[in-house]
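Here's the structure, in structure tokens; my notes come after.
The values are calculated or read from the model by the stated rules, or taken from the named source; none is laboratory data. In this text, all values refer to a predicted model and were calculated from it rather than measured experimentally. Cβ coordinates were reconstructed from backbone atoms using ideal geometry, including for glycine residues, and neighbour counts include every protein chain displayed.
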């Protein structure tokens with residue numbers, strides 16, 4: 001049996017047949033009119049393994065653009081693939097390296113933009129949480145409403161603002177007392193008061209998020225309460241035995257501690273209201289209760 005045309009897998013034979021076939025297909029596609037292309041078919045005769053053929057028959061158009069001819073092209077697909085793989089236009093190693101390089105570049109760019117986006121969100125959240133950029137006059141409360149740290153808008157006479165106000169007042173008076181303790185050269189007491197102020201700020205953030213601890217703030221735990229008890233036991237040795245009610249006014253520092261104690265009790269009462277209303281961390285209330293005890297011991301110690 002004679003070998004079919006194009007069965008030669010040499011580069012020259014394949015290239016010539018491909019070029020001839022491509023020219024026919026391009027002439028069909030780029031024609032200005034669309035004559036009926038009857039007799040055009042793609043055949044895969046079983047006697048030619050791994051081959052494909054295209055047959056172009058004469059057109060029925062009276063003015064055919066494609067000249068009447070009939071020619072059958074047989075392309076050895078395996079030979080074409082081998083020729084392409086072995087040609088200078090294809091290098092598996094080079095192509096794989098280029099793919100890896102492009103993929104790595106795409107991944108690097110994606111990670112960079114994800115990092116920038118996360119940094120932007122975190123920075124914005126931190127600014128809102130810690131008031132790194134604070135505008136004093138916002139005019140948003142002119143209608144009698146204010147915003148919680150969570151963003152929820154409520155009337156200013158809401159009970160939660162009463163609690164936040166009491167905690168804010170307590171924090172202010174702790175600072176006022178700390179300033180006086182500095183003049184007494186009571187450095188240890190100053191350090192204690194400074195830590196108390198940080199914790200009150202922390203408590204205000206939790207209350208302002210509707211008693212849900214923000215992600216970047218540590219929630220109150222038993223260790224916080226135990227630290228207050230430790231301070232209380234330390235200063236009890238300076239207070240001595242207490243056998244009767246103490247009248248405030250022994251000296252200025254002692255009087256300021258009494259004011260801190262009474263404001264702390266008021267903040268505690270304000271928080272008790274929410275025990276049945278919200279899922280309140282029990283350590284918040286425990287902390288305020290122990291804090292008022294510590295402030296009382298400090299008041300009678302000076």
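Restricting attention to the stretch 161-171 and to residues that are touching a helix residue (DSSP H, G or I) at 6+ places or on another chain (Cβ under 9 Å) and without any contact (Cβ under 8 Å) to a residue 60 or more places away in the chain, the residue that is nearest to residue 223 (Cα to Cα) turns out to be 171. Taking each residue of the stretch 199-213 that is at positive phi and looking for partners that are at pLDDT 95 or above and crowded, with 18+ Cβ neighbours inside 10 Å with beta-carbon atoms closer than 9 Å, six or more apart or interchain, yields 211/284. Considering (1) surrounded by fewer than 16 Cβ atoms within 10 Å (Cβ to Cβ); (2) in the same structural domain as residue 258 (by TED's automatic domain parsing); (3) out of contact with any strand residue (DSSP E or B) (no Cβ under 9 Å at 6 or more places or on another chain); (4) modelled with pLDDT under 95, the lone condition that residue 139 does not fulfil carries the number (2). Evaluate the stretch 223-237: report whether one residue or more is within 14 Å of residue 300 (Cβ to Cβ) and not in a helix (DSSP H, G or I). No, every residue in the stretch 223-237 fails to be within 14 Å of residue 300 (Cβ to Cβ) and not in a helix (DSSP H, G or I). Comparison of 220, 245 shows that the only residue that is on the phi < 0 side of the Ramachandran plot, assigned to a loop (DSSP other than H, G, I, E, B) and either at pLDDT 95 or above or outside the structural domain of residue 181 (by TED's automatic domain parsing) (or both) is 220.
Of all residues being part of a loop (DSSP other than H, G, I, E, B) and under 37 Å from the mean Cα position of the chain (by Cα) in the stretch 248-302, which is surrounded by the fewest Cβ atoms within 10 Å (Cβ to Cβ)? Just the residue, please. Only one residue fits best here, namely 276.
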